[in-house]
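The values are calculated or read from the model by the stated rules, or taken from the named source; none is laboratory data. The structure presented is a predicted model; accordingly, all values stated were derived computationally and were not measured. In this analysis, Cβ positions are derived from the backbone assuming ideal geometry, glycine residues included, and neighbour counts consider all displayed protein chains. Side chains are part of the model used for accessible areas, which takes the heavy atoms of the whole protein and leaves out ligands, DNA and RNA. Shrake-Rupley method; radii C 1.70, N 1.55, O 1.52, S 1.80 Å.
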Amino acid sequence: MTALSESPVETAVDGLVLTVDSVHIRHQVDGREVVKGVGFELAPGRVVGIVGESGSGKTLTCRAVLGILPPLFEVAAGAIHVAGKDVAALSRAELTELRGSTISAVFQDPASYLNPSIPVGPQVAEVIRVKKGAKRREARRRATELLAAVHLRDPELVYTQYPHELSGGMLQRVLIAAAIAAEPRVLIADEATTALDVTVQAEILDLLADLRDSTGLAIVLVSHDLAVVAQLCDEVLVMREGEVVEQGPTEQVLHNPRHDYTRLLVAEHEQYGLDRFLEES
Ligand SMILES: Nc1ncnc2c1ncn2[C@@H]1O[C@H](COP(=O)(O)OP(=O)(O)OP(=O)(O)O)[C@@H](O)[C@H]1O
Ligand SMILES: [Mg+2]
(Lines give C-alpha, C1' and ligand atoms only; values in the text may rest on other atoms or scores of the structure.)
(Ligands and ions follow the chains in the order given, each with its own letter.)
Protein backbone atom coordinates (compact mmCIF):
# COMPACT_ATOMS: atom_id res chain seq x y z
CA MET A 1 0.00 0.00 0.00
CA THR A 2 1.25 3.46 -0.81
CA ALA A 3 1.76 5.96 1.98
CA LEU A 4 -1.59 7.49 2.76
CA SER A 5 -0.89 9.39 5.91
CA GLU A 6 1.63 12.12 5.38
CA SER A 7 -0.10 14.67 7.56
CA PRO A 8 0.20 14.76 11.34
CA VAL A 9 -2.38 12.71 13.16
CA GLU A 10 -5.09 14.97 14.49
CA THR A 11 -6.64 13.61 17.62
CA ALA A 12 -8.28 14.94 20.70
CA VAL A 13 -6.36 15.05 23.96
CA ASP A 14 -7.99 11.73 24.91
CA GLY A 15 -6.70 10.15 21.69
CA LEU A 16 -10.18 9.70 20.27
CA VAL A 17 -10.90 10.74 16.71
CA LEU A 18 -14.67 10.65 17.11
CA THR A 19 -16.97 10.88 20.09
CA VAL A 20 -20.74 10.72 19.79
CA ASP A 21 -22.31 11.46 23.13
CA SER A 22 -26.03 10.73 23.73
CA VAL A 23 -27.07 12.31 20.46
CA HIS A 24 -30.76 12.96 19.84
CA ILE A 25 -31.96 14.00 16.40
CA ARG A 26 -35.31 15.69 16.02
CA HIS A 27 -37.50 16.88 13.20
CA GLN A 28 -37.94 20.59 13.81
CA VAL A 29 -41.49 20.82 12.48
CA ASP A 30 -43.31 17.74 13.72
CA GLY A 31 -41.05 17.37 16.77
CA ARG A 32 -40.51 13.67 16.05
CA GLU A 33 -37.35 12.25 17.60
CA VAL A 34 -35.81 9.98 14.99
CA VAL A 35 -32.63 9.26 16.96
CA LYS A 36 -32.91 8.91 20.72
CA GLY A 37 -29.56 8.85 22.41
CA VAL A 38 -26.80 7.31 20.31
CA GLY A 39 -23.33 7.21 21.79
CA PHE A 40 -20.01 5.65 20.89
CA GLU A 41 -16.37 6.60 20.58
CA LEU A 42 -13.64 5.76 18.15
CA ALA A 43 -9.88 5.62 18.58
CA PRO A 44 -7.59 5.50 15.54
CA GLY A 45 -7.64 2.12 13.83
CA ARG A 46 -10.91 1.05 15.43
CA VAL A 47 -14.15 0.15 13.68
CA VAL A 48 -17.63 0.58 15.07
CA GLY A 49 -20.64 -0.98 13.35
CA ILE A 50 -24.22 0.25 13.33
CA VAL A 51 -26.90 -2.26 12.41
CA GLY A 52 -30.66 -2.17 12.59
CA GLU A 53 -33.83 -2.18 10.59
CA SER A 54 -34.67 0.29 7.86
CA GLY A 55 -35.60 3.70 9.23
CA SER A 56 -33.96 3.08 12.60
CA GLY A 57 -31.78 6.20 12.31
CA LYS A 58 -28.43 4.80 11.12
CA THR A 59 -27.98 7.20 8.22
CA LEU A 60 -29.20 10.25 10.15
CA THR A 61 -26.68 9.43 12.87
CA CYS A 62 -23.93 9.39 10.23
CA ARG A 63 -25.18 12.60 8.68
CA ALA A 64 -25.20 14.31 12.06
CA VAL A 65 -21.57 13.26 12.54
CA LEU A 66 -20.73 14.70 9.12
CA GLY A 67 -22.70 17.87 9.85
CA ILE A 68 -25.02 17.28 6.92
CA LEU A 69 -28.42 16.53 8.39
CA PRO A 70 -31.27 16.92 5.88
CA PRO A 71 -33.29 20.14 6.09
CA LEU A 72 -35.48 20.46 9.18
CA PHE A 73 -33.53 17.88 11.17
CA GLU A 74 -31.38 19.02 14.10
CA VAL A 75 -29.23 17.57 16.83
CA ALA A 76 -31.57 18.34 19.73
CA ALA A 77 -29.33 17.02 22.50
CA GLY A 78 -25.94 15.46 22.97
CA ALA A 79 -22.58 16.28 21.40
CA ILE A 80 -20.36 15.16 18.56
CA HIS A 81 -16.61 15.75 18.53
CA VAL A 82 -14.49 15.01 15.48
CA ALA A 83 -10.77 15.04 16.27
CA GLY A 84 -11.58 17.05 19.36
CA LYS A 85 -13.74 19.62 17.55
CA ASP A 86 -17.34 20.15 18.58
CA VAL A 87 -19.28 19.77 15.33
CA ALA A 88 -22.12 21.96 16.62
CA ALA A 89 -19.75 24.86 17.25
CA LEU A 90 -18.27 24.90 13.76
CA SER A 91 -19.25 27.38 11.06
CA ARG A 92 -20.44 26.12 7.71
CA ALA A 93 -17.01 26.84 6.23
CA GLU A 94 -15.24 25.04 9.06
CA LEU A 95 -17.53 22.03 8.60
CA THR A 96 -16.77 21.93 4.90
CA GLU A 97 -13.08 22.08 5.76
CA LEU A 98 -13.49 19.23 8.28
CA ARG A 99 -15.29 17.01 5.78
CA GLY A 100 -12.88 15.28 3.49
CA SER A 101 -9.82 16.35 5.40
CA THR A 102 -10.61 14.89 8.83
CA ILE A 103 -13.79 12.91 8.30
CA SER A 104 -15.07 11.48 5.07
CA ALA A 105 -17.81 9.18 3.85
CA VAL A 106 -18.83 6.63 1.26
CA PHE A 107 -22.43 5.70 0.66
CA GLN A 108 -24.34 3.19 -1.40
CA ASP A 109 -24.75 3.86 -5.12
CA PRO A 110 -21.28 5.25 -5.93
CA ALA A 111 -22.29 6.24 -9.48
CA SER A 112 -24.55 8.99 -8.15
CA TYR A 113 -21.58 10.69 -6.48
CA LEU A 114 -19.53 10.89 -9.66
CA ASN A 115 -19.95 13.18 -12.62
CA PRO A 116 -20.81 10.88 -15.56
CA SER A 117 -19.20 13.18 -18.13
CA ILE A 118 -15.73 13.39 -16.53
CA PRO A 119 -13.22 10.52 -16.26
CA VAL A 120 -12.93 9.22 -12.70
CA GLY A 121 -9.22 10.02 -12.23
CA PRO A 122 -9.56 13.79 -12.57
CA GLN A 123 -12.48 13.65 -10.14
CA VAL A 124 -10.23 12.09 -7.49
CA ALA A 125 -7.44 14.54 -8.42
CA GLU A 126 -9.87 17.43 -7.91
CA VAL A 127 -10.38 16.38 -4.28
CA ILE A 128 -6.62 16.45 -3.78
CA ARG A 129 -6.34 19.88 -5.40
CA VAL A 130 -9.15 21.36 -3.33
CA LYS A 131 -8.44 19.66 0.01
CA LYS A 132 -4.66 19.46 -0.09
CA GLY A 133 -3.88 22.44 -2.29
CA ALA A 134 -1.86 20.24 -4.63
CA LYS A 135 -0.81 21.42 -8.08
CA ARG A 136 -2.41 19.75 -11.09
CA ARG A 137 0.46 17.40 -11.91
CA GLU A 138 1.02 16.40 -8.27
CA ALA A 139 -2.72 15.80 -7.85
CA ARG A 140 -2.71 13.52 -10.86
CA ARG A 141 0.25 11.52 -9.56
CA ARG A 142 -1.36 11.19 -6.14
CA ALA A 143 -4.76 10.24 -7.58
CA THR A 144 -3.16 7.47 -9.62
CA GLU A 145 -1.39 6.25 -6.48
CA LEU A 146 -4.68 6.21 -4.65
CA LEU A 147 -6.37 4.22 -7.42
CA ALA A 148 -3.58 1.69 -6.99
CA ALA A 149 -3.95 1.82 -3.20
CA VAL A 150 -7.61 0.80 -3.46
CA HIS A 151 -6.46 -2.19 -5.52
CA LEU A 152 -7.71 -1.09 -8.92
CA ARG A 153 -5.68 -2.95 -11.49
CA ASP A 154 -4.11 -0.71 -14.11
CA PRO A 155 -4.71 2.57 -12.24
CA GLU A 156 -3.36 4.62 -15.17
CA LEU A 157 -6.05 3.25 -17.44
CA VAL A 158 -8.78 3.58 -14.81
CA TYR A 159 -7.72 7.22 -14.32
CA THR A 160 -8.87 7.97 -17.86
CA GLN A 161 -12.10 5.98 -17.77
CA TYR A 162 -15.61 7.35 -17.41
CA PRO A 163 -17.93 6.10 -14.65
CA HIS A 164 -20.05 4.11 -17.14
CA GLU A 165 -16.98 2.13 -18.18
CA LEU A 166 -16.46 0.76 -14.66
CA SER A 167 -18.28 -1.91 -12.66
CA GLY A 168 -20.09 -1.13 -9.40
CA GLY A 169 -17.22 -2.58 -7.38
CA MET A 170 -14.66 -0.50 -9.28
CA LEU A 171 -16.76 2.64 -8.81
CA GLN A 172 -16.98 2.01 -5.09
CA ARG A 173 -13.17 1.72 -5.00
CA VAL A 174 -12.90 5.03 -6.85
CA LEU A 175 -15.23 6.60 -4.28
CA ILE A 176 -13.14 5.19 -1.46
CA ALA A 177 -10.03 6.60 -3.16
CA ALA A 178 -11.72 10.02 -3.29
CA ALA A 179 -12.87 9.67 0.32
CA ILE A 180 -9.36 8.92 1.60
CA ALA A 181 -7.60 11.33 -0.78
CA ALA A 182 -7.21 14.02 1.86
CA GLU A 183 -6.11 11.49 4.49
CA PRO A 184 -9.07 11.69 6.85
CA ARG A 185 -8.87 10.22 10.33
CA VAL A 186 -12.42 8.86 10.19
CA LEU A 187 -14.30 7.19 7.37
CA ILE A 188 -18.02 6.64 7.44
CA ALA A 189 -19.16 3.77 5.23
CA ASP A 190 -22.95 3.76 5.10
CA GLU A 191 -24.16 0.62 3.30
CA ALA A 192 -21.12 1.12 1.09
CA THR A 193 -21.02 -2.52 0.00
CA THR A 194 -24.73 -3.29 0.01
CA ALA A 195 -25.28 -3.02 -3.75
CA LEU A 196 -22.27 -5.17 -4.59
CA ASP A 197 -22.17 -8.89 -5.10
CA VAL A 198 -20.80 -10.99 -2.27
CA THR A 199 -17.28 -11.48 -3.67
CA VAL A 200 -16.79 -7.80 -4.47
CA GLN A 201 -18.29 -6.88 -1.11
CA ALA A 202 -15.69 -9.07 0.62
CA GLU A 203 -12.90 -7.41 -1.38
CA ILE A 204 -14.07 -3.92 -0.42
CA LEU A 205 -14.23 -4.95 3.25
CA ASP A 206 -10.67 -6.29 2.96
CA LEU A 207 -9.66 -2.97 1.49
CA LEU A 208 -11.19 -1.08 4.42
CA ALA A 209 -9.39 -3.40 6.83
CA ASP A 210 -6.13 -2.69 4.97
CA LEU A 211 -6.65 1.05 5.24
CA ARG A 212 -7.41 0.73 8.92
CA ASP A 213 -4.23 -1.27 9.49
CA SER A 214 -1.91 0.78 7.31
CA THR A 215 -3.10 4.30 8.12
CA GLY A 216 -4.91 4.01 11.46
CA LEU A 217 -8.13 5.06 9.79
CA ALA A 218 -11.08 4.81 12.16
CA ILE A 219 -14.28 3.56 10.54
CA VAL A 220 -18.00 3.80 11.22
CA LEU A 221 -19.54 0.95 9.27
CA VAL A 222 -23.28 0.97 8.71
CA SER A 223 -24.80 -2.19 7.38
CA HIS A 224 -27.97 -4.19 7.64
CA ASP A 225 -25.76 -7.24 7.22
CA LEU A 226 -24.46 -8.73 10.45
CA ALA A 227 -21.89 -10.84 8.61
CA VAL A 228 -20.30 -7.63 7.28
CA VAL A 229 -20.21 -6.18 10.76
CA ALA A 230 -18.79 -9.40 12.20
CA GLN A 231 -15.93 -9.26 9.75
CA LEU A 232 -14.67 -5.77 10.51
CA CYS A 233 -16.08 -4.21 13.66
CA ASP A 234 -14.63 -4.06 17.16
CA GLU A 235 -17.88 -2.78 18.59
CA VAL A 236 -21.44 -2.88 17.37
CA LEU A 237 -24.57 -0.82 18.02
CA VAL A 238 -27.96 -2.31 17.30
CA MET A 239 -30.57 0.32 16.51
CA ARG A 240 -34.31 0.07 16.40
CA GLU A 241 -36.75 2.93 15.95
CA GLY A 242 -34.12 5.50 16.81
CA GLU A 243 -32.91 3.76 19.93
CA VAL A 244 -29.77 1.79 20.59
CA VAL A 245 -31.20 -1.44 21.98
CA GLU A 246 -27.86 -3.15 22.40
CA GLN A 247 -24.22 -2.14 22.21
CA GLY A 248 -20.94 -3.82 22.98
CA PRO A 249 -17.95 -5.74 21.65
CA THR A 250 -18.93 -7.41 18.36
CA GLU A 251 -18.20 -10.93 19.61
CA GLN A 252 -20.39 -10.44 22.62
CA VAL A 253 -23.31 -8.84 20.82
CA LEU A 254 -23.40 -11.38 18.00
CA HIS A 255 -22.52 -14.49 20.02
CA ASN A 256 -24.45 -13.68 23.09
CA PRO A 257 -27.17 -11.16 22.24
CA ARG A 258 -29.13 -9.91 25.20
CA HIS A 259 -31.91 -8.06 23.48
CA ASP A 260 -34.74 -9.91 21.72
CA TYR A 261 -34.36 -7.75 18.66
CA THR A 262 -30.64 -8.59 18.33
CA ARG A 263 -31.51 -12.28 18.74
CA LEU A 264 -34.00 -11.92 15.93
CA LEU A 265 -31.40 -10.24 13.69
CA VAL A 266 -28.86 -12.96 14.45
CA ALA A 267 -31.44 -15.69 13.76
CA GLU A 268 -32.39 -14.08 10.46
CA HIS A 269 -28.77 -14.07 9.43
CA GLU A 270 -28.09 -17.67 10.27
CA GLN A 271 -29.34 -18.72 6.86
CA TYR A 272 -26.55 -16.61 5.32
CA GLY A 273 -23.87 -18.45 7.23
CA LEU A 274 -23.16 -15.96 10.00
CA ASP A 275 -22.66 -18.87 12.39
CA ARG A 276 -19.98 -20.38 10.26
CA PHE A 277 -18.24 -17.04 9.94
CA LEU A 278 -18.25 -16.43 13.67
CA GLU A 279 -16.75 -19.86 14.30
CA GLU A 280 -13.93 -19.15 11.86
CA SER A 281 -13.09 -15.72 13.21
N1 LIG B 1 -34.45 13.48 4.25
C2 LIG B 1 -35.39 13.03 5.08
N3 LIG B 1 -36.60 13.62 5.16
C4 LIG B 1 -37.55 13.19 5.99
N5 LIG B 1 -37.41 12.12 6.79
C6 LIG B 1 -36.25 11.48 6.78
C7 LIG B 1 -35.16 11.89 5.92
N8 LIG B 1 -34.12 11.05 6.12
C9 LIG B 1 -34.54 10.17 7.06
N10 LIG B 1 -35.80 10.41 7.46
C11 LIG B 1 -36.55 9.66 8.47
O12 LIG B 1 -35.75 9.53 9.63
C13 LIG B 1 -35.81 8.20 10.16
C14 LIG B 1 -34.45 7.58 10.20
O15 LIG B 1 -33.97 7.44 8.88
P16 LIG B 1 -32.53 6.90 8.48
O17 LIG B 1 -32.34 7.23 7.04
O18 LIG B 1 -31.53 7.41 9.44
O19 LIG B 1 -32.72 5.34 8.67
P20 LIG B 1 -31.71 4.15 8.35
O21 LIG B 1 -31.53 3.39 9.61
O22 LIG B 1 -30.50 4.68 7.69
O23 LIG B 1 -32.55 3.25 7.33
P24 LIG B 1 -32.06 2.38 6.06
O25 LIG B 1 -31.58 1.07 6.61
O26 LIG B 1 -33.30 2.19 5.24
O27 LIG B 1 -31.00 3.15 5.34
C28 LIG B 1 -36.82 7.46 9.30
O29 LIG B 1 -38.07 7.54 9.91
C30 LIG B 1 -36.81 8.24 8.01
O31 LIG B 1 -38.06 8.14 7.36
MG1 LIG C 1 -29.64 4.41 5.82
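With all protein chains in place and ligands, DNA and RNA left out, the 1.4 Å accessible area ranks Tyr162, Tyr113, Tyr261 as Tyr113, Tyr162, Tyr261, largest first. Size descriptors for segment 106-183: radius of gyration and Dmax over Cα atoms are 11.0, 31 Å.
Quick note on the chain: its Rg to Rh ratio, both from C-alpha atoms and Rh being the Kirkwood radius, is 0.96.
Taking a ≥ b ≥ c as the square roots of the eigenvalues of the Cα gyration tensor, an a/c ratio of 1.5 or more together with a/b larger than b/c marks segment 173-230 as prolate.
The mean sequence distance of close C-alpha pairs (under 8 Å, at least 6 residues apart), as a share of the length of the chain, puts its relative contact order at 25 percent.
Of all DSSP beta bridges confined to the chain, the antiparallel ones make up roughly 55%. Dipole magnitude for segment 155-275: computed about the Cα centre from +1 point charges on Lys and Arg Cβ and -1 point charges on Asp and Glu Cβ, it is near 200 debye. Computed from the Cα positions only, the extents of segment 181-280 along the three principal axes stand at 41, 28, 24 Å, in decreasing order. Of all aspartates and glutamates in the structure, those lying under 17 Å Cα to Cα from Lys132, and not within fewer than 8 positions of it along the same chain, are Glu6, Glu10, Glu94, Glu97, Glu145, Glu183. Report summary: the helix-based calculation at 222 nm, which adds -39500 (n - 2.57) for every DSSP H run with n ≥ 4 and divides by the residues of the chain, gives -12000 deg cm²/dmol. Using a probe of 1.4 Å, the accessible surface attributed to Glu126 totals some 80 Å² when neighbouring protein chains are kept in position.
When Arg173, Arg258, Arg140 are compared by accessible area of protein heavy atoms, the largest-first order is Arg258, Arg140, Arg173, using a 1.4 Å probe. Heavy-atom accessible area, probed at 1.4 angstrom with all protein chains present, ranks Phe107, Phe40 as Phe107, Phe40, highest first. Using the Cβ atoms and a cut-off under 10 Å, what net charge is assigned to the surroundings of Leu72, where Lys and Arg are +1 and Asp and Glu are -1? Cβ neighbours under 10 Å give a net charge of -1. Using heavy atoms of the protein chains and a probe of 1.4 Å, the accessible area assigned to Asp30 is about 90 Å².
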